[in-house]
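Let me begin by presenting the structure, written as structure tokens, before commenting on it.
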Amino acid sequence: MKAVLVCISFICITNVFVHSKENNKSPCNIQTKTVKNKLFPLVGKSREKRQTCKEYRVVHTNFRTYFKSLMANYSNYVPPYYPSKGWQRDESFVLDIRMQPEALIDLNDVDERMTTVLSFLVEWKESNLVWAGMNTFVYSVILDADMLWKPHIKLGNPHASQRVKTDTNDKLTLEFKGEVTWSFVWTVDTRCKIDITYYPFDRQNCLIVLVLSSDLKDYLNFDHTVPHLALDNGNWKHINTSIYNYTNYKTMKTHIVIEYTFDRKSVTPMLVFMAPVTILVSLLPLVFVLPNDGSERLGIAMTVLLAVSVYMTLVVDKLPDSSDPLPLITTVFFAWYVYNAFVTLLVLINGRISRISDKRSVPKCLQCLVRLTRRCFCLADKNYTCVESRNEENAQCEENKMSMKKITWKSVSSMLDKWFIILLYALEIVYASVAFVVLTSGGKDGHTAYRVPGDFMDDAFKSFTGEGQSYECTLWE
């Protein structure tokens, strides 16, 4: 029994030893055997076999030394599509640039500035930096951004503030197949030509221009996506995005133009500016309901006049100083201001008419208007019947009867009050309706023209309107 146990133990130990020995064989030995049987059947290729074995041994022992030798003949000034030998370019080279706006921070009307956060993911392949990942067990390395070639991406339409903030990601990821990945985030201020003609129902087209070397035109693959609600904020709503490219052969630059279309959310301006002014102006004709004896009418008219002027100042502060053409909202408010001044003038004139002495006779035309007004408003002369009783009561009755038939300057003033109320309200309704229709019906079409820098040398001024047809501009679907 003991002999059997000893034999079994010996066999187990022998198997374990043999298995561990086989696992500890170097990849070079395994590869050598394989090469001997299959890849190198001829004795004349033994030198190449020894070189292969040496390479695997070096890789397994020290990857850092191997990668250093791999980078020995590499230059970060030479693009990957330039061949290491000969003059033929690598036509299979592709530069993928993926851009994604993360947030619309601000779209300033006064400064004509759009502030956005942009994410970039740039990918390309370095065919000269490839190693065997399966044998090195190193599939990717992280390098400093200045160690490898990378495309120079520049902002083509920066704002005067020149703010281009980049995150701290200055690293590149190089995989064993030569694929390079470079990601970074920009917070940029770009110029945006603001057209506030139809404020607050306006539509703005703002551009972000990326400038690259013209050599990359044939290898460039640009992709742009906008996440849901990424470009919406409290004041603006993103409507559409268009992408165009333009190659300027004088400056040897390729321009990628991204056009964002925004509609202003008009609820806030209407509640803050337009609604209060409309309410104030709608109350103005009611001053003719007040008695014409005191100064209440003039006081209310002057108060509304000053209030409209204050709101005009608030609206102007929200608009750019260099706006061309003139915003229609300023014209609307100025018309309301002139209207208030006109009503104030009518109050003064009517007050002066009511204070004319009764000794001065009223012209017959005004008397006809007074009688017509009394009939239109059911205020025709009443038939008084004076009952004969005491002399004093009869005299008072006759006096009232005569006063109803007699037309004085106060009667003319009362007649003007009634017609002023009707005509002024009719004028307000018509004007407000026309202004609202005009403001809401315009400014929804068209594109922002982009002038390519450098086209000022010999040719005429060039620009494109986003149609993707003129001046070699191409629309990227």
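Residue-by-condition table, conditions (1) at pLDDT 85 or above; (2) surrounded by 13 or more Cβ atoms within 10 Å (Cβ to Cβ); (3) not aromatic (Phe, Trp, Tyr):
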{"residue": "LEU379", "(1), (2), (3)": "no, yes, yes"}
{"residue": "ASN394", "(1), (2), (3)": "no, yes, yes"}
{"residue": "GLU398", "(1), (2), (3)": "no, no, yes"}
{"residue": "VAL412", "(1), (2), (3)": "yes, yes, yes"}
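For ILE279, only one of the following conditions fails: (1) farther than 30 Å from LEU423 by Cβ; (2) free of Cβ contacts under 8 Å to residues at least 24 places away in the same chain. What is its number?
All conditions are met except number (1).
Only one of these is closer than 24 Å to VAL438 by Cβ, in the same structural domain as PHE436 (by TED's automatic domain parsing), over 33 Å from the mean Cα position of the chain (by Cα) and part of a helix (DSSP H, G or I): VAL316, VAL338. Name it.
Only one candidate qualifies: VAL338.
Check whether at least one residue in region 105-122 is at positive phi and either surrounded by 13 or more Cβ atoms within 10 Å (Cβ to Cβ) or modelled with pLDDT of 85 or more (or both), and report yes or no.
yes
Pairs please, first residue from region 104-121 and more than 19 Å from THR197 (Cβ to Cβ), second anywhere and polar (S, T, N, Q), Cβ atoms under 6 Å, 6+ apart in sequence or on different chains.
From residues that are more than 19 Å from THR197 (Cβ to Cβ), the pairs are LEU104/THR116; LEU104/ASN233; ILE105/THR115; ASP106/THR115; VAL117/THR187; SER119/GLN100; LEU121/SER183.
Of everything in region 227-249 that's surrounded by fewer than 16 Cβ atoms within 10 Å (Cβ to Cβ) and among the hydroxyl-bearing types (Ser, Thr, Tyr), which residue is modelled with the highest pLDDT?
Only one residue tops the list, namely THR241.
Inside region 128-153, can you point out the residues that are free of Cβ contacts under 8 Å to residues at least 60 places away in the same chain, surrounded by 15 or more Cβ atoms within 10 Å (Cβ to Cβ) and polar (S, T, N, Q)?
ASN128
Which count do you get for residues in region 68-121 that are under 29 Å from ASP317 (Cα atoms), not charged (D, E, K, R) and not in a loop (DSSP other than H, G, I, E, B)?
Result for region 68-121: 9.
Any chance region 198-210 includes a residue that's among the hydrophobic types (A, V, I, L, M, F, W, C), outside any loop (DSSP other than H, G, I, E, B) and at pLDDT below 90?
Within region 198-210 (the criterion being among the hydrophobic types (A, V, I, L, M, F, W, C), outside any loop (DSSP other than H, G, I, E, B) and at pLDDT below 90), the answer is no, since none of the residues qualifies.
Mind listing just one residue for me: the one in region 208-262 that is among the hydroxyl-bearing types (Ser, Thr, Tyr) and within 20 Å of the chain's Cα centre (by Cα) and, of those, nearest to TRP124 (Cα to Cα)?
My answer is THR225.
The values are calculated or read from the model by the stated rules, or taken from the named source; none is laboratory data. Computed from a predicted model, the values in this text were never measured in an experiment. Using ideal geometry, Cβ is built from the backbone for each residue, glycine included, and neighbour counts are taken over all protein chains shown.
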